[in-house]
Structures are given as C-alpha cells and as structure tokens.
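**Q** Take a look at the following structure, please.
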Amino acid sequence: MKNKLSVGCIQLNSKSSIIKNLENTIYFSNLAINKGAEFLFTPEVSNII
C-alpha cells in the first residue's frame with residue numbers, strides 16, 4: 001500500500017503591514033487547503049509576523 005501526502009508551499013511578498021501579511025498568509029493557506037494540501041510550508045519567520 002502506498003501512502004500519499006499532499007503538500008503546499010506558500011510564497012509571500014511581505015510588506016510593513018503586519019495585518020496585511022497575516023491576511024495574505026491566511027488567504028493563501030486556505031487556497032492551498034481547498035486544493036487538497038494537508039501540510040503547508042511557509043517562509044521562515046512567518047510565525048512571528
């Protein structure tokens with residue numbers, strides 16, 4: 001039996017607005033999830049936006 005994992009990678013162009021950066025992260029994460037991604041990669045330091 002073969003196990004599969006659908007992976008998404010999000011590329012962001014962060015700016016000085018923390019709120020806009022977070023909105024973009026959520027928006028693109030939801031797009032990837034809706035396309036079947038089960039695991040998401042985000043850019044480094046995106047956890048401290």
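Each value in this text was obtained by applying a stated rule to the coordinates, not by laboratory testing. All values derive from a computational prediction rather than experimental measurement. When we count neighbours, we look across all protein chains shown, and the Cβ atoms used for this are built from the backbone with ideal geometry, even at glycine.
**Q** Name the residue from Ile18, Thr42, Val7 whose Cα lies farthest towards the positive end of the charge dipole of the chain, charges +1 on Cβ of Lys and Arg and -1 on Cβ of Asp and Glu.
**A** Val7
**Q** Ok, one more. What fraction, in whole percent, of alpha-carbon pairs in the chain exceed 14 Å separation?
**A** 52 percent
**Q** Same structure again: Sequence neighbours fewer than 8 away in the same chain don't count; with that in mind, list the lysines whose C-alpha is under 25 Å from Lys20.
**A** Lys35
**Q** Right, another one. For segment 35-43, what does the Karplus curve 6.51 cos²θ - 1.76 cosθ + 1.60, with θ = phi - 60°, yield as ³J(HN,Hα) per residue in whole Hz, taken in order and with x for Gly and Pro?
**A** Calculated HN-Hα couplings, in order: 8, x, 5, 9, 9, 10, 9, 10, x Hz.
**Q** Could you work out the relative contact order of the chain, using alpha carbon pairs under 8 angstrom and six or more residues apart, expressed as a whole percent?
**A** 55 percent
**Q** Of the trypsin sites (Lys or Arg not before Pro) in the chain, which ones lie in a loop per DSSP and count no more than 13 other C-beta atoms within 10 Å?
**A** Hits after loop and neighbour filter: Lys2, Lys4, Lys15, Lys35.
**Q** Under the rule of -39500 (n - 2.57) per DSSP H run of 4 or more residues, summed and divided by the residues of the chain, what mean residue ellipticity at 222 nm is obtained, to the nearest 500 deg cm²/dmol?
**A** My calculation for the chain gives -11500 deg cm²/dmol from helical runs alone.
**Q** Explain nothing, just compute: Karplus ³J(HN,Hα) = 6.51 cos²θ - 1.76 cosθ + 1.60, θ = phi - 60°, for every residue of segment 15-25 in order, whole Hz, x for Gly and Pro.
**A** Per-residue couplings from phi come out as 10, 7, 8, 4, 5, 5, 4, 5, 4, 5, 4 Hz.
**Q** Would you mind checking which residues have amide H under 5 Å from Leu40's amide H? H placed 1.01 Å from N; only 5 or more apart, or other chain.
**A** Excluding prolines and chain starts, which carry no amide H, the hits are Gly8.
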